[in-house]
Amino acid sequence: MDPALQTMIANMPEKTGKSLEEWKVLLKQKAFAKHSEGVNYLKKEHGVTHGFANTIVALSKEENNSAEDLVTTQYKGKENLLAIYEALIAYVKSLGEEVTIAPKKTSVSVIRKRQFILIKPATKTRIDLGFKLKDTPVTERLEASALLVPCVPTGYNLLRCTK
């Protein structure tokens, strides 16, 4: 597990009033269909900050999957892209301890208070990087994501990395 994520989990009782396990039990009782529903519930009903709410919901859904398992599954059949992914993660880790790397079923979120990067192996030859870049114009390689890739959140710019 990523050291930043471990720190976040360790700080969770102090910052949110409950341990990760307690939050998992609570969310299991609610059984939200969408990730955003769980995040909004934790924020509105329990006053949890967005970063913690997002992490709690993501980790509660991945009960039986380690971060490594999730990444391995994402890159199954796309192993040639792992070197790009590993280089991206090495760079992300250099951004500071407050950055959280949160693998999900089909992508990896990079969070500092809010998600600001999304890493997704799109095809066998391409990784899509979604960046939260406010007021940044599109270029030949940096595209607006809203119309191109529905899985990348609105407001992100998409950089396609091909091996």
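Mind checking which pairs have a first residue in region 126-139 that is under 15 Å from I101 (Cα atoms) and a second that is polar (S, T, N, Q) and part of a loop (DSSP other than H, G, I, E, B), Cβ under 7 Å, 6 or more apart or different chains?
Once the first residue is under 15 Å from I101 (Cα atoms) and sits in region 126-139, its partners that are polar (S, T, N, Q) and part of a loop (DSSP other than H, G, I, E, B) give G130/S145.
Taking the residues in region 1-54 that are of a type in the set (F, W, Y) and closer than 28 Å to T72 by Cβ as candidates, determine which candidate is modelled with the lowest pLDDT. Write out each step before concluding.
Applying the first criterion (of a type in the set (F, W, Y)) to region 1-54 yields 23, 32, 41, 52.
Now restrict to residues that are closer than 28 Å to T72 by Cβ: 23, 32, 52.
Values: W23: 93, F32: 77, F52: 93.
Per the criteria, the residue is F32.
For the structure I just gave you, tell me whether L88 is touching a residue at least 40 places away in the same chain (Cβ under 8 Å), of a type in the set (A, V, I, L, M, F, W, C) and not assigned by TED's automatic domain parsing to the domain that holds K15.
Details: touching a residue at least 40 places away in the same chain (Cβ under 8 Å): yes; of a type in the set (A, V, I, L, M, F, W, C): yes; not assigned by TED's automatic domain parsing to the domain that holds K15: yes.
Taking the combined requirement at face value, the residue satisfies it.
Regarding region 83-97, can at least one residue be identified that is closer than 21 Å to E21 by Cα and either of a type in the set (D, E) or surrounded by 12 or more Cβ atoms within 10 Å (Cβ to Cβ) (or both)?
Of region 83-97, the ones closer than 21 Å to E21 by Cα are none.
No - not one qualifying residue is present in region 83-97.
The conditions are (1) in a loop (DSSP other than H, G, I, E, B); (2) modelled with pLDDT under 90; (3) within 19 Å of D128 (Cα to Cα), and N64 fails exactly one of them. Which is it?
Failed condition: (3).
Under the condition of being among the charged types (D, E, K, R) and outside any helix (DSSP H, G or I), which residue from region 68-85 is modelled with the highest pLDDT? So that I can check it myself, show each step before the final result.
Our first condition is that a residue be among the charged types (D, E, K, R); within region 68-85, this holds for 68-69, 76, 78-79.
Among the residues that remain, those that are also outside any helix (DSSP H, G or I) are: 76, 78.
Values: K76: 90, K78: 93.
For region 68-85, the residue satisfying everything is K78.
The values are calculated or read from the model by the stated rules, or taken from the named source; none is laboratory data. Please read these numbers as outputs of a predicted model, since none were measured by experiment. Please note: Cβ atoms are built from the backbone with ideal geometry, for glycine as well, and neighbour counts cover all protein chains shown.
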